[in-house]
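Contents: one structure, followed by commentary.
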Amino acid sequence: MKLESKIPKGPLSEKWTSHKFNMKLVNPANKRKYKVLVVGTGLAGASAASTLAELGYQVEAFSYHESPRRAHSIAAQGGINAAKNYPGDGDSIYRLFYDTIKGGDYRSREANVYRLAEVSNNIIDQCVAQGIPFARDYGGLLDNRSFGGAQVSRTFYARGQTGQQLLLGAYSSLIRQMNTGKVKFHPRTELQDIVMIDGEAKGIIIRDLVTGEISSHAGDAVVLATGGYGNVFFLSTNAMASNGSAAYRAYKKGALFANPCFTQIHPTCIPVASGFQSKLTLMSESLRNDGRIWVPKKKGDNRAPLDIPEDERDYYLERLYPAFGNLVPRDVASRRAKEMCDKGHGVGSTKLAVYLDFADVIQRNGKNWVADKYGNLFDMYEEITGENPYKTPMRIFPAVHYTMGGLWVDYNLMSNLPGLYVLGEANFSDHGANRLGASALMQGLADGYFILPYTIADYLARTKAGKVNTSLPEFGKSENAVKENIRKLLSVNGKQTVDEIHKKLGQIMWEKVGMARNKADLENAIVEIPKLRKEFWADVRVPGSEDTMNTELEKAGRLADFLDMAELMARDALMRNESCGGHFREEFQTEENEAMRNDDEFTFVAAWEHTGDDSPPQMHKEDLVFENVQLTTRSYK
Amino acid sequence: MKVTVKIWRQKDSRSKGSFQTYPVDNISEEMSFFEMLDMLNESLVKQGEKPVAFDHDCREGICGTCGMFINGRAHGPISGITTCQLHMRRFNDGDTIVVEPWRAKAFPVIQDLVVDRTSFDRIMLSGGYISINSGGAPDANAIPISKISADIAMDGASCIGCGACVATCKNSSAMLFVSAKVSQFAVLPQGQVERKERVQNMVTSMDEEGFGNCTNTYACEAECPKEISVAHIARMNREFLKANLSG
């Protein structure tokens, strides 16, 4: 299989403009004849669905939530990047592009990343016009702050709730289109399968999560905006229902899965407190603007943080990376925190934490200034830990946060399956091996508002509208397979709960396919995961029936897919004999314990093809070509 | 810690529900309230019983999915947080905890503690937006907005749509929810064009959905996990009156 990235020719800065001109259009009168199925209504899905409807297409949107406003995009705290250069500190589209491609450790496509930087400014304009109350200064203009991996202030924010405000903005656009009848929204429905007709994605099978009904839906194209698969680790900052099933089921239908091992471990999360912990809570990266990270110099120091004098503290990020200090990219900050704890400098009762200290900024600018900027985060921290971060430093530890890997897409955001588009975290395209902070919101909205609406026309214009309906045998066949799978899950009737098995999977993944990986562990994971999968199908207990709301059944279906995906992640990590971004292989590091890339052999996207349930997946390579930036070792010193 | 939970169980919207009592043992105080429910559910599943269905997702207080009455208070005994942010250190060993779903005509129960809040979406649909298509928006800094207005707008915009205001109100009024959105757009220049129709349409929709009216008890403000002020209701009333008087 040859992977065609379809990157337009011409100079980097003109690619998108000329591509927009060269693509086919669907004339306004014909748009209403085409129906697009959009699965997932977070930032990417809601912005895509609303924009497509504004253009005149018929849209059906699906979400397992009761309302689009519940999507996990809402939990993004810190902000959204854009190259506006309002502060006049030297930012530009090229600099945002450069920072993002460097931050991704040169494992993403130049053309995609440049386009992302290019449309970033449109996003801010769009959002302000929607009435999103971004933070402003006293002159009434927009305020910015800094995020990791950048030396300019380019992050727009709305208190610590930027994701919420952007999602509510996209939601408002979507409900406006629901009001006109151009979008039909199906709440509490979960994708079960993608239906392929003559090699093209033309429909989906869904389960109504309230009644249990399985139904078919046909369209002229299918858009997946279904988020990432971080919950394969059980504990992550993702919401409880976030899952990889839609992407995985597309993979089983022939879509390629790209760079599945690229997982982002976020450095600033509240550490695990109890064995019954159900999820991890992020403390926004924006806190690293003003907080200072440190550990005691002495190993196993059990004194309270305030009793440790200044000269016995190691502000290790400031020491190791004087240029970027506490604002190094996420992968670097996470790995260093783990290293400090591994060496015995960890703090708190579990010794798996480092301090994030605000004493200096509180002294410099006052408590009110800090409360104004970070108040909700401080309150959230106190409610969870019972400690007051105004008085004592926060304890933080890395946690799984985001998956850079995802379904392979070309420059048009179409997967290798014609008619199947993938947006937002669900695709692999823009963040390489590590995503910079405040870039996920940017990508989700760029894909939905400003990229897909153009590129999908190029496909639709070449297809006949309404070619497919649900009476075709492919739909019935797929429905039956879905029902059979559900019956299978319900009939195991074993002894373990879904969560018990999920926790076991999480443990394997965190220990062997987590922050630091090595050959032996990965090989072991490839043996252990199938064993656990077997255990699941022999011993899981899913009570209740399929014809009502059944939350255990929902979880079981998602875990079944995670158990498959986990193995794919381990295989990808084992194949990639280098360290890059969030993928750190212990065998490949410099003397200073920095990631050591192998550009000669691994400057490619690994796109995996499903070859059957009992045969290993096959890897296809898309070589990454860099014409504008030079591949250098990232240095944040 | 050991507690006894008395939970509302209801098979579906058509069935009659009742309280069921369950003991839950070996709780640590670092656990969240939902982790305690997870523990209960795990033991129910092991006994082959159906676990308690409850709405939850982000478990960090922002998605607005969760919501239950705990010991007679929306989102439990602590002000300014959602149920998912509640931790067991707020209870005592041996406590009996009563857990009910949101109760309002406009929020029918789907199962156990899960309710249908799509009525909120339908209100939003009637006017909770600014009509702007993607593309072609003016530069974001073209219209300066005073920090005060932006802050008021943000206060309203921080509503998570959980429904605690409705659940706690003796009239099951959605005034706080609706006014937070009306207010956000009323103070922003971008919201001016549709200002009148917005408040009229949203109030009409709110009434049609079966929500009650406001009698100024301020219970909504007291229980709102985002501490949204009833000043927004006052602003909405002014907006509504102005819109109707100016025809």
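The values are calculated or read from the model by the stated rules, or taken from the named source; none is laboratory data. Just so we're clear, the structure is a prediction, and the values are computed from it rather than from any experiment. Cβ coordinates were reconstructed from backbone atoms using ideal geometry, including for glycine residues, and neighbour counts include every protein chain displayed. Quick note on the areas: whole protein, heavy atoms, side chains included, nothing else; ligands and nucleic acids left out. Shrake-Rupley method; radii C 1.70, N 1.55, O 1.52, S 1.80 Å.
Taking the condition within 21 Å of A:Ala218 (Cβ to Cβ), away from chain B (no Cβ under 14 Å) and surrounded by fewer than 19 Cβ atoms within 10 Å (Cβ to Cβ), does A:Lys467 pass? Taking the combined requirement at face value, the residue satisfies it.
For segment B:210-235, the set of residues classified as surrounded by fewer than 18 Cβ atoms within 10 Å (Cβ to Cβ) and more than 14 Å from the chain's Cα centre (by Cα) consists of B:Gly210, B:Asn213, B:Thr215, B:Asn216, B:Thr217, B:Tyr218, B:Ala231, B:Ala234, listed by residue number. State whether one or more residues within segment A:288-296 are farther than 30 Å from A:Ser153 by Cα, outside the structural domain of A:Ala438 (by TED's automatic domain parsing) and modelled with pLDDT of 95 or more. Within segment A:288-296, one or more residues are farther than 30 Å from A:Ser153 by Cα, outside the structural domain of A:Ala438 (by TED's automatic domain parsing) and modelled with pLDDT of 95 or more.
Yes/no matrix, rows are residues, columns are (1) within 8 Å of chain A (Cβ to nearest Cβ); (2) among the aliphatic types (A, V, I, L, M):
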site	(1), (2)
B:Asp139	yes, no
B:Ile148	no, yes
B:Met154	yes, yes
B:Ala164	no, yes
B:Cys169	no, no
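Residues in segment A:153-167 that are within 9 Å of another protein chain (Cβ to nearest Cβ) and either more than 27 Å from A:Arg330 (Cα to Cα) or in contact with a Phe, Trp or Tyr (Cβ under 7 Å, 6 or more places away or on another chain) (or both): A:Phe156, A:Ala158.
Of the residues in segment A:338-350, not one is among the charged types (D, E, K, R), open to solvent by 20 Å² or more (accessible area, probe 1.4 Å) and closer than 30 Å to B:Val24 by Cα.
Determine, yes or no, whether A:Asp447 is in the same structural domain as A:Ser120 (by TED's automatic domain parsing), touching a residue at least 40 places away in the same chain (Cβ under 8 Å) and open to solvent by less than 50 Å² (accessible area, probe 1.4 Å). Steps first, please.
Values: in the same structural domain as A:Ser120 (by TED's automatic domain parsing): yes; touching a residue at least 40 places away in the same chain (Cβ under 8 Å): yes; open to solvent by less than 50 Å² (accessible area, probe 1.4 Å): yes.
Here the answer is yes, as A:Asp447 does meet what is asked.
Checking each residue of segment B:56-69 against the condition of being assigned to a strand (DSSP E or B), more than 9 Å from every other protein chain (Cβ to nearest Cβ), under 29 Å from A:Leu167 (Cβ atoms) and open to solvent by 20 Å² or more (accessible area, probe 1.4 Å) gives at least one match.
Taking the condition of being open to solvent by less than 10 Å² (accessible area, probe 1.4 Å) and farther than 25 Å from B:Asp25 by Cβ, how many residues in segment B:107-116 meet it? Total satisfying the criteria: 3. Considering only residues in segment A:56-72 that are open to solvent by 30 Å² or more (accessible area, probe 1.4 Å) and either out of contact with any strand residue (DSSP E or B) (no Cβ under 7 Å at 6 or more places or on another chain) or part of a loop (DSSP other than H, G, I, E, B) (or both), the one that is nearest to the other protein chains (Cβ to nearest Cβ) turns out to be A:His72. Taken over segment B:123-137, the residue count meeting the criterion of being more than 7 Å from every other protein chain (Cβ to nearest Cβ) and closer than 18 Å to B:Leu188 by Cα is 1.
Just one of the listed residues (A:Ala129, A:Ala150, A:Ala170) is buried (at least 20 other Cβ atoms within 10 Å of the Cβ) and within 8 Å of chain B (Cβ to nearest Cβ), namely A:Ala129. For beta carbons closer than 9 Å, sequence separation of 6+ or different chains, a first residue in segment A:4-18 that is modelled with pLDDT of 95 or more and a second that is part of a loop (DSSP other than H, G, I, E, B) and of a type in the set (Lys, Arg), the qualifying pairs are A:Ser5/A:Arg109; A:Ile7/A:Arg109; A:Lys15/A:Lys9; A:Ser18/A:Lys9.
The single residue among B:Phe177, B:Phe120, B:Phe185, B:Phe211 that is of a type in the set (Phe, Trp, Tyr), at pLDDT 95 or above and more than 25 Å from A:Gly163 (Cα to Cα) turns out to be B:Phe211. Within segment B:33-55, which residues are within 7 Å of chain A (Cβ to nearest Cβ) and either outside any helix (DSSP H, G or I) or among the β-branched types (Val, Ile, Thr) (or both)? Selection gives B:Val45, B:Gly48, B:Glu49, B:Lys50, B:Pro51, B:Ala53.
Filter segment B:117-158 for residues that are under 30 Å from B:Ser13 (Cβ atoms) and either in contact (Cβ under 8 Å) with a residue 12 or more places away in the chain or surrounded by 23 or more Cβ atoms within 10 Å (Cβ to Cβ) (or both) and give the result.
Once the filter is applied, which keeps residues that are under 30 Å from B:Ser13 (Cβ atoms) and either in contact (Cβ under 8 Å) with a residue 12 or more places away in the chain or surrounded by 23 or more Cβ atoms within 10 Å (Cβ to Cβ) (or both), segment B:117-158 yields B:Arg117, B:Ser119, B:Phe120, B:Arg122, B:Ile123, B:Met124, B:Leu125, B:Ser126, B:Gly127, B:Gly128, B:Tyr129.
When B:Ile27, B:Ile7 are screened for being open to solvent by less than 20 Å² (accessible area, probe 1.4 Å), in a strand (DSSP E or B) and either in contact with a strand residue (DSSP E or B) (Cβ under 9 Å, 6 or more places away or on another chain) or among the aromatic types (Phe, Trp, Tyr) (or both), only B:Ile7 passes.
Kindly evaluate A:Val527 against the criterion of being part of a loop (DSSP other than H, G, I, E, B) and not aromatic (Phe, Trp, Tyr). So A:Val527 does not fit the description; no. Residue count for segment A:176-228 satisfying the condition of being part of a loop (DSSP other than H, G, I, E, B) and either among the hydrophobic types (A, V, I, L, M, F, W, C) or surrounded by fewer than 23 Cβ atoms within 10 Å (Cβ to Cβ) (or both): 12. Any residue that is part of a helix (DSSP H, G or I) and surrounded by 22 or more Cβ atoms within 10 Å (Cβ to Cβ) - is there at least one of those in segment A:132-146? No: segment A:132-146 contains no residue that is part of a helix (DSSP H, G or I) and surrounded by 22 or more Cβ atoms within 10 Å (Cβ to Cβ).
Conditions tested, residue by residue: (1) touching a residue at least 40 places away in the same chain (Cβ under 8 Å); (2) touching a Gly at 6+ places or on another chain (Cβ under 7 Å).
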| residue | (1), (2) |
| --- | --- |
| A:Ala258 | yes, yes |
| A:Ser286 | yes, yes |
| A:Asn289 | yes, no |
| A:Ile293 | yes, no |
| A:Arg303 | no, no |
| A:Pro309 | no, no |
| A:Gly325 | no, no |
| A:Ser334 | yes, no |
| A:Ala337 | yes, no |
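Tell me, please, whether a residue that is at pLDDT 95 or above and either in the same structural domain as A:Val210 (by TED's automatic domain parsing) or under 22 Å from A:Ala516 (Cβ atoms) (or both) can be found in segment A:616-632. Scanning segment A:616-632, I find no residue that is at pLDDT 95 or above and either in the same structural domain as A:Val210 (by TED's automatic domain parsing) or under 22 Å from A:Ala516 (Cβ atoms) (or both), so the answer is no.
Per-residue answers, yes or no, for (1) among the small types (Gly, Ala, Ser); (2) open to solvent by less than 20 Å² (accessible area, probe 1.4 Å); (3) within 12 Å of chain B (Cβ to nearest Cβ):
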{"residue": "A:Gly230", "(1), (2), (3)": "yes, yes, no"}
{"residue": "A:Ser236", "(1), (2), (3)": "yes, yes, yes"}
{"residue": "A:Thr263", "(1), (2), (3)": "no, yes, no"}
{"residue": "A:Val272", "(1), (2), (3)": "no, no, yes"}
{"residue": "A:Lys279", "(1), (2), (3)": "no, yes, yes"}
{"residue": "A:Ser286", "(1), (2), (3)": "yes, yes, no"}
{"residue": "A:Ile293", "(1), (2), (3)": "no, yes, no"}
{"residue": "A:Gly300", "(1), (2), (3)": "yes, no, no"}
{"residue": "A:Leu306", "(1), (2), (3)": "no, no, no"}
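Here B:Gly94 meets the list (1) small (Gly, Ala, Ser); (2) within 9 Å of another protein chain (Cβ to nearest Cβ); (3) in contact (Cβ under 8 Å) with a residue 24 or more places away in the chain; (4) on the phi > 0 side of the Ramachandran plot almost entirely, failing just condition (2). Considering only residues in segment A:509-541 that are among the small types (Gly, Ala, Ser) and in contact (Cβ under 8 Å) with a residue 60 or more places away in the chain, the one that is most open to solvent (accessible area, probe 1.4 Å) turns out to be A:Ala516.
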